[in-house]
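Worksheet: the structure to be examined is printed underneath.
The values are calculated or read from the model by the stated rules, or taken from the named source; none is laboratory data. The structure presented is a predicted model; accordingly, all values stated were derived computationally and were not measured. Quick reminder, even Gly has a Cβ in these numbers, built from the backbone with ideal geometry, and neighbours come from all protein chains shown.
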Amino acid sequence: MNHLAHLFLAPDSPQARVGSLLGDFARGIVPGDLPDRVREGLYHHRAVDAFTDRHPEVIASKRLFSPQRRRFAGIALDILYDHYLLRHWQRFSHVNPDTFIDQVYRELDHHSPLMPEPMQRVTRQIVRHDWFHSYMELENIGYALDRVAGRIRFQNAFTGIIEEIQEHDNELERRFLHFFPELRHFAKEAP
């Protein structure tokens, strides 16, 4: 899962939502040093990722990508799932997506002292450039994925992966809609 989905699935507190993003920035972090709710969010992030990585619909979705891009399929799906979550938001939440996103942006800004510096830099970019609203458009998912490809430190075929996503959009979306309700149920029960 990517940032927006982790925030959406996190336990309902600002600190737990910060912890749910911390999972992507936790190198060198000692969980025992974190406030309880932040630590809860971190562990929740890890549980959500483990559930996602072994789910049959996610595994089948990765197989849709060409052999030269399959290595990066998990990254592509993580970001794509934020788009599908927004595309089908009303199925999963009674809260308006703009209201949720604006609330999360305020929480990230207010709780930045809880974050390591690399996470602060990224969350400032998320808020400043309004990443989550931009994820409503599939074209912007392509831009985001190409930015990720540009940060990979070795030669790769990741750039342009949006073409394969567009080719398989209907099936990827269908598989997401089977998978995400199960993930949501798991996330509600996860410690």
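Values as computed for the structure displayed
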| read-out | value |
| --- | --- |
| Of all residues in segment 134-186 being part of a helix (DSSP H, G or I), modelled with pLDDT under 95 and of a type in the set (K, R), the one that is farthest from F65 (Cα to Cα) | R151 |
| Qualifying positions in segment 20-37 - assigned to a helix (DSSP H, G or I) and either touching a His at 6+ places or on another chain (Cβ under 6 Å) or in contact (Cβ under 8 Å) with a residue 40 or more places away in the chain (or both) | S20, L21, L22 |
| Scan of segment 38-64 for residues that are of a type in the set (V, I, T) and touching a residue at least 60 places away in the same chain (Cβ under 8 Å), ordered by number | V38, V48, T52, V58 |
| Neighbours by Cβ (under 7 Å, 6+ apart or cross-chain): first from segment 81-93, within 15 Å of E171 (Cα to Cα); second of a type outside the set (A, V, I, L, M, F, W, C) | Y81/N2; H83/Y135; Y84/E173 |
| Qualifying residue in segment 71-87 (condition: in a helix (DSSP H, G or I), more than 18 Å from the chain's Cα centre (by Cα) and either modelled with pLDDT under 95 or of a type outside the set (S, T, N, Q) (or both)) | no |
| Filter result (part of a helix (DSSP H, G or I) and either within 17 Å of L34 (Cβ to Cβ) or touching a Cys at 6+ places or on another chain (Cβ under 7 Å) (or both)) within segment 111-125 | S112, P113, L114, E117, P118, M119, Q120, T123 |
